[in-house]
Amino acid sequence: MQDLLPDLFDHYETQLSLLAPHYRQFGQKRIFWGEVVTVKCFEDNSKVKQLLGQLGEGRVLVVDGGGSNRRALLGDMIAQSAVDNGWSGIVINGYVRDVGALAQMPIGIQALGANPIKTDKRDLGDVNVTLEIDRVIIKPGMMLYADDNGVAVSSEQLDLSQLA
């Protein structure tokens, strides 16, 4: 499968909400999906590290970093932890670093861009809260679908076997 979202929107348009098209791919896995886990944090990736250090079971972590471009909320060490713990992907309303290493990792990663500066560690942030990113409401337990065409969420799991 080269693309996922075009087929999903052809079959389930009314059940999907598309995030604004400004996310870039950073992981090796270009198509990914899974149940949403959320974290809201600003220039502090302590909660991101904690969550991705737990079993992912094919889920996707959605991080609302407020779109800040001053610090990277994900780097190679935390991303490797996500791979080791079975996360399907990570979507960040913010920035990442170590992009050369991230590109070699078998996980989906989408973010706004890259910044080489790490975050402060103050253990601040909220886990499993409702987020509003790009005017789209994202709740824990929703499903997220992503590919090179963008990022979309649905309140229920969609049947991918119906796709061409």
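Taken together, the values in this text are just the output of simple stated rules run on the coordinates, not laboratory data. Owing to the predicted nature of the structure, the values given are computational and were not obtained by experimental measurement. Methodologically, a virtual Cβ is constructed for each residue, glycine included, from the backbone with ideal geometry; neighbour enumeration extends over all protein chains shown.
What value does the stretch 34-89 have for Rg/Rh, both radii from Cα atoms and Rh as Kirkwood defines it?
We get a ratio of 0.95 for the stretch 34-89.
Check cross-link reach from Lys29 to the aspartates and glutamates: straight Cα distance under 14 Å, and skip same-chain residues fewer than eight apart.
Hits, sequence-local ones excluded: Asp3, Asp147, Asp148.
Most exposed first by the Cβ proxy, i.e. fewest other Cβ within 10 Å, how do Trp87, Trp33 rank?
Ranking Trp87, Trp33 by Cβ neighbours within 10 Å, fewest first, gives Trp33, Trp87.
Can you put Val151, Val129 in order, fewest other beta carbons within 10 Å first?
Lowest count first: Val129, Val151.
Out of all DSSP beta bridges in the chain, what portion is antiparallel? Express it as a percent rounded to 5.
Percent antiparallel among DSSP bridges in the chain is about 50.
Running Debye on the stretch 101-144 with equal point scatterers at the Cα sites and no solvent, what base-10 log of I(q)/I(0) appears at q = 0.25 Å⁻¹?
Scattering profile of the stretch 101-144, log10 relative to I(0): -1.13.
Please compute the volume of the convex hull spanned by the alpha-carbon atoms of the stretch 1-99 and report it per residue in Å³.
Spread over its residues, the Cα hull of the stretch 1-99 gives 109 Å³ apiece.
Can you give me the pair-distance distribution of the stretch 52-146, C-alpha pairs, 5 Å bins, whole percents?
The percentages, shortest bin first, are 3, 13, 24, 27, 22, 10, 1.
Counting only C-alpha contacts under 8 Å and six or more residues apart, can you give the relative contact order of the chain as a whole percent?
35
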